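A.B. asks: Sending over a structure as structure tokens; questions will come in a sec.
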Amino acid sequence: MSPSSSPSSSPSSALTAEQKNATMKEERAFLTKLLESALHNEFSVLKQHVESYRPPHHHHDNDSDHDTNQISYIDILTQFRDGQRRTALHFACQSSSARKKNVTKQQNNSNHHNTNGSSSSQKEDKDIVEEMLDWLSSQQQKQQQKQQQQQQQQQNDTTTTNTTINDNDEKDQNTSTLETLLCAKDKNGLTPIMLAAQVKDNPALAERRVCALLRCASSKKLGLARSKAGATALHYAAGAGATRTTLQALYDNAGPIALSACSKQGGTPLHWAVAVPPPAQYFETIQALLDCGADPQQCQPPLSSSSSVSSSSVWIPPPLHMAVAAGNVPHAQLLLDEMIQRNVNLQPTLEYVLPNHNGSSIFHMLADMNLVSLLHTLVQHTPADFMARQVRHEQRNEQGWTALEVAARERHVGPVWILLGEGHDEDDAQRYIQEFHDQLKQHHQNNNNNNNNNAKQQQQQPTAAASTASGENVKDIVDNNNNNDDQNNASDWKALEAQIAQQAASLSFTAHASDEQQQKQQALQLKQEGNQHFQKRDWSTALELYTSALALDPTNATLYSNRSVTYWKLQDYSLAWRDAVWAKTLQPEWPKAWYRLAVACLALHQYEEAALAAFEGLKRDSDNDELKQLVQTCVKQGRTEFLSSSSSQSSSNQHKHNKNKEKEDGTTNHQDDDDDDDDDDDDDLPKF
């Protein structure tokens, strides 16, 4: 740790290099002691360090100059900071309540026989933040009184008035106040009160510290200050489950604006409180915020304008949605009950959909998560016409599902029963679920039949493009490689790769825009079915399904990647290479596409190309252990192949009579390399 700025008052030019180094060393040591005493809740030690501090280059000055050279205590605490720009007050606000007890036993023994023991106990019970603030407030008052006396004396001295007052004004401008220390921010924009408000394991201690800091504040600046995350002290207090007293004190300081202030990602203080994951239960905090006037339906952007805001905007849903998404059901239930009890109009919350959750409404979320009690309460207080028109028919997510259909898909009997409405029982819910799945199965079968027919007609679109750079082209190059001992026809590989890139650039949907989304959904369904068959090691069926999916979504890099590994499993390495090239061409920043290409090249004995492809993947994901291992495998097998081929050629020239035996040995070694390669790659191959 090192001081961010030296409180020293003399110019650095007056010091030699050796003196500067000594000064920095002394100030680093002082900073370490200062911050450690604050973190360990040792106020007496901290006070002793501050009171005894003098600028290092004044250590040998005359004692008579001590008052002149001495820096104010607030200046010392404000200017000495660690690498994160945190002051001793920051550290004190993070310290635990347990004070290091160096002389605890002696104090206990003396208190047992001393009538003044109670006062000693009370002093020990005082928190370091409170002690620091009391001490600094007292020092500031003394300093102000001293300055007033000096100014009065200067005004009486007519001969020195002009020069001395000007000097004194300049000194005042360079002097920090207690307010400066309270508002000091670290590198993350956090002030001491923000850190004090975050003490989760001891809300009572957080309350004492926050209230003490606010008592010393002379303006609303303390409560309205924002961190780099856009949060105020009220946000941090709410997120830590602060007491009602803490929240009320912060609200009184900052006013209603703090309740509605939105941080960059997490919303208002109420959002921070309700969205804490379980098992946290901040009931008192939530109720206190609502009592202060927090809006239980505030969101970003506002509900009234959400339809006109671009998708790139930061979306912060209403607090009820946040609580459900966080999985904190007790918070969601409390918030809903409070909204009902306070006669809040629920319709804006009911109509809100989550853009980053597939367009789900609160009903979709509750149905999907099987939160029966919450859903029952919500339905009871939702207008009947809204339930009939919106929830059961018109309110659909991006996949086109209503909340009732989502519940049926997940076979959640309770939510289905509730969403069917009055007049239905559990048997009706079970029957609806079975009928829904029967219809869904029939729908999938019809889609598969249609897709198989469409695949034959539309196959000339991606697979029109892919067939131009078809498997036969790749296999021809492979045959040429096997018959060419001098070169590997690298130009042919590059030409074929360039051909695929040119075709990919011109590839697009031929369907109308209205049908494009439907085709992509059908392709996604086929891909999921292909994945299931792949997991069952049914490579041929998986291959057919991926091919059908590509006919519907020819620009999907994932489909090419999946089909590439399927060809690899079927030992058709040339087509595995072709589809890997398509995947990395369509999505060049995707590390797995380069992995697929490297594995295919390795199987085709293109060791240099394999290593380069794996290295390209590492450039995009430097922590990927599979790619690191693959680079080593490519280099190792390339070297083995080169040495084996060189040794075999040299041996053939020298011992022609043993040619057949050497050829047999070379084939055996080559096969061993392939076996090791296949085993390693199969083990390392990431599943999708």
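A.B. asks: Could you list, ordered by first residue, the pairs with Cβ atoms under 7 Å in which the first is in the range 186-207 and among the hydroxyl-bearing types (Ser, Thr, Tyr) and the second is open to solvent by 10 Å² or more (accessible area, probe 1.4 Å), at least 6 apart or interchain?
C.D. replies: As it stands, the answer is Thr191/Cys183; Thr191/Lys185; Thr191/Ala225, since those pairs meet every condition given.
A.B. asks: May I ask you to list the residues in the range 590-619 that are surrounded by fewer than 22 Cβ atoms within 10 Å (Cβ to Cβ), more than 22 Å from Thr640 (Cα to Cα) and in contact with a Phe, Trp or Tyr (Cβ under 8 Å, 6 or more places away or on another chain)?
C.D. replies: Across the range 590-619, the qualifying residue is only Glu616.
A.B. asks: For the range 405-424, does any single residue satisfy the condition of being under 28 Å from Leu335 (Cβ atoms), modelled with pLDDT under 85 and among the β-branched types (Val, Ile, Thr)?
C.D. replies: No, the range 405-424 has no match at all.
A.B. asks: Still on this structure, please answer the following. Scan (1) small (Gly, Ala, Ser); (2) over 30 Å from Lys200 (Cα atoms); (3) part of a helix (DSSP H, G or I); (4) at pLDDT 55 or above for the single condition Ser110 breaks and write down its number.
C.D. replies: Result: Ser110 fails condition (4) only.
A.B. asks: Mind listing whichever residues of the range 219-235 are open to solvent by 10 Å² or more (accessible area, probe 1.4 Å) and within 13 Å of Asp252 (Cα to Cα)?
C.D. replies: Ser219, Lys220, Lys221, Leu224
A.B. asks: A further question on this structure: Quick one: which helices (runs of 4 or more DSSP H) sit completely within the range 591-688 and have at least 2 residues that are at pLDDT below 50 and either of a type in the set (A, V, I, L, M) or in contact with a Pro (Cβ under 8 Å, 6 or more places away or on another chain) (or both)?
C.D. replies: none
A.B. asks: Please list, ordered by residue number, the helices (runs of 4 or more DSSP H) wholly in the range 1-106 having 3 or more residues that are at pLDDT 90 or above and open to solvent by less than 70 Å² (accessible area, probe 1.4 Å).
C.D. replies: Helices (runs of 4 or more DSSP H) meeting the threshold: 17-39, 43-52, 73-79, 88-94.
A.B. asks: Test of understanding: among Gln632, Gln637, which residue is without any contact (Cβ under 8 Å) to a residue 12 or more places away in the chain and not acidic (Asp, Glu)?
C.D. replies: Criteria check complete, one pass: Gln632.
A.B. asks: Which members of the range 397-420 meet the condition of being open to solvent by 60 Å² or more (accessible area, probe 1.4 Å) and under 27 Å from Glu516 (Cβ atoms)?
C.D. replies: Glu398, Gln399, Arg409
A.B. asks: Another question, then. Could we say that Gln155 is farther than 29 Å from Val50 by Cα, out of contact with any Pro (no Cβ under 7 Å at 6 or more places or on another chain), at pLDDT 75 or above and not basic (Lys, Arg) here?
C.D. replies: For Gln155, the condition - farther than 29 Å from Val50 by Cα, out of contact with any Pro (no Cβ under 7 Å at 6 or more places or on another chain), at pLDDT 75 or above and not basic (Lys, Arg) - is met.
A.B. asks: All but one of (1) modelled with pLDDT of 90 or more; (2) open to solvent by 40 Å² or more (accessible area, probe 1.4 Å); (3) over 15 Å from Met194 (Cα atoms) hold for Ala325; which doesn't?
C.D. replies: Unmet condition: (1).
A.B. asks: Now, a different point. Of everything in the range 569-590, what is over 29 Å from the mean Cα position of the chain (by Cα), of a type outside the set (S, T, N, Q) and either at positive phi or in a loop (DSSP other than H, G, I, E, B) (or both)? Give them in sequence order.
C.D. replies: Of everything in the range 569-590, those that are over 29 Å from the mean Cα position of the chain (by Cα), of a type outside the set (S, T, N, Q) and either at positive phi or in a loop (DSSP other than H, G, I, E, B) (or both) turn out to be Leu570, Asp572.
A.B. asks: Now, a different point. How about the range 366-381: which of its residues are in contact with a helix residue (DSSP H, G or I) (Cβ under 6 Å, 6 or more places away or on another chain) and more than 21 Å from Gly327 (Cβ to Cβ)?
C.D. replies: Selection gives His381 alone.
A.B. asks: Any chance the range 360-377 includes a residue that's surrounded by fewer than 17 Cβ atoms within 10 Å (Cβ to Cβ), of a type outside the set (Ser, Thr, Tyr) and in contact with an Asp or Glu (Cβ under 9 Å, 6 or more places away or on another chain)?
C.D. replies: The answer is yes; a qualifying residue exists.
A.B. asks: Let me ask you something else. Inside the range 236-287, can you point out the residues that are open to solvent by 70 Å² or more (accessible area, probe 1.4 Å) and of a type in the set (A, V, I, L, M, F, W, C)?
C.D. replies: Ile257, Phe283, listed by residue number.
A.B. asks: Next question, about the same structure. Take the residues in the range 378-396 that are in contact (Cβ under 8 Å) with a residue 24 or more places away in the chain and open to solvent by 70 Å² or more (accessible area, probe 1.4 Å), then tell me which one is nearest to the chain's Cα centre (by Cα).
C.D. replies: Result: Arg396.
A.B. asks: Considering only residues that are modelled with pLDDT of 80 or more and surrounded by 14 or more Cβ atoms within 10 Å (Cβ to Cβ), look in the range 138-152 and name the one that is farthest from Glu42 (Cα to Cα).
C.D. replies: Gln143
The values are calculated or read from the model by the stated rules, or taken from the named source; none is laboratory data. Not measured: the values here are computed from a predicted model. As a convention, Cβ positions derive from the backbone with ideal geometry for all residues, glycine included, and neighbour counts pool all protein chains shown. The accessibility values were calculated without ligands, DNA or RNA, using every heavy atom of the protein model including side chains. Shrake-Rupley method; radii C 1.70, N 1.55, O 1.52, S 1.80 Å.
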